[in-house]
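A short write-up of the structure that comes next.
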Amino acid sequence: THFGFERVPLDAKQARVDDVFRSVAKRYDLMNDLMSGGLHRAWKSGLVSMLRPGRDRAFRHLDVAGGTGDIAFRTLDAGGPRTRVTVLDINEAMLRVGAERAGARYGGRIDFVTGNAEALPLPDSTFDAYTIAFGIRNVPRIEQALAEARRVLKPGGRFLCLEFSRVDLPGLDRIYDAYSFHVIPRLGARVAGDAESYRYLVESIRKFPTPGRFAGMIEAAGFSRVSHRPLSGGIVAIHSGWKI
Ligand code: SAM
């Protein structure tokens, strides 16, 4: 069964997304490792290596749709005592897992905020970096989320997005399709007890704009020097833009 989300009103889409992540929060990290064969760790480290927080300077990083904290922890591990990360997510169940994982290790250098990427409860021109990893695909109004990203970034700040993309290696595409439509929902059923949520995941990857089109949307939101690069044969891509 396929969902046909394009016919569903945007608010219903968000409600569906919220159900998915409330349902999988506790098993989310395990599922990522199983479904990607651990690759998501390398992709996330690749994203954070582009940030260069530095050990000495003050660096404020906002990670939107930050879920259980994977991106935030990497920035804090790479940065220094003046690196601070705000993890924002619409889903408290995900943030709760993140806060538990963080424990007391980062002290006051991390905070968790419940909020919507489309209407960030944060002031203008505040952050040196905005990241969103495997999150923008879930947001119903992508243009609005991009406008909000630009608003909260300082001039000179960087936007980075890690997201599933289009496989562009001959041969890999067929393997990837078989994997997506057969293996992932089964894994979802067995490990998270929820095949529907993981079927939704596969559908939402198909519906996300191509890398070129998404780059155009980032430019249309007012970002400069927009670029993108595929990782792992295009399974995922990192898009980058600057607020000048
Ligand atoms: N960034 C984390 C990672 O890479 O492991 C989590 C990614 S998870 C696939 C997607 C996250 O997006 C979920 O935690 C979900 O609650 C969050 N999300 C969905 N819609 C959102 C919205 N409108 N605003 C903020 N977060 C949202």
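Assorted remarks:
- Criterion applied to 196, 163 was being at pLDDT 90 or above and among the acidic types (Asp, Glu), and the one residue passing it is 163.
- Residues of region 85-139 satisfying the condition of being in contact with a Pro (Cβ under 9 Å, 6 or more places away or on another chain) and within 21 Å of residue 164 (Cα to Cα): 88, 118, 129
- When residues of region 54-80 are limited to those that are aliphatic (A, V, I, L, M) and within 16 Å of residue 107 (Cβ to Cβ), the one surrounded by the most Cβ atoms within 10 Å (Cβ to Cβ): 72
- Taken over region 84-124, the residue count meeting the criterion of being loosely packed, with under 12 Cβ neighbours inside 10 Å and touching a Gly at 6+ places or on another chain (Cβ under 9 Å) is 1.
- Residue 19 being over 16 Å from residue 134 (Cβ atoms), more than 9 Å from the ligand (Cβ to nearest atom) and assigned to a helix (DSSP H, G or I): yes
- Some residue of region 57-78 being more than 13 Å from the ligand (Cβ to nearest atom), touching a helix residue (DSSP H, G or I) at 6+ places or on another chain (Cβ under 7 Å) and more than 27 Å from residue 234 (Cα to Cα): yes
- Of residues in region 186-243 being in a helix (DSSP H, G or I) and in contact with a His (Cβ under 7 Å, 6 or more places away or on another chain), the one nearest to residue 10 (Cα to Cα): 203
- Checked against (1) out of contact with any Ser or Thr (no Cβ under 9 Å at 6 or more places or on another chain); (2) over 22 Å from residue 143 (Cα atoms); (3) touching a residue at least 12 places away in the same chain (Cβ under 8 Å); (4) not charged (D, E, K, R), residue 175 passes all but a single condition, namely (3).
The values are calculated or read from the model by the stated rules, or taken from the named source; none is laboratory data. Owing to the predicted nature of the structure, the values given are computational and were not obtained by experimental measurement. Backbone-built Cβ (ideal geometry, glycine too); neighbour counts: all protein chains shown.
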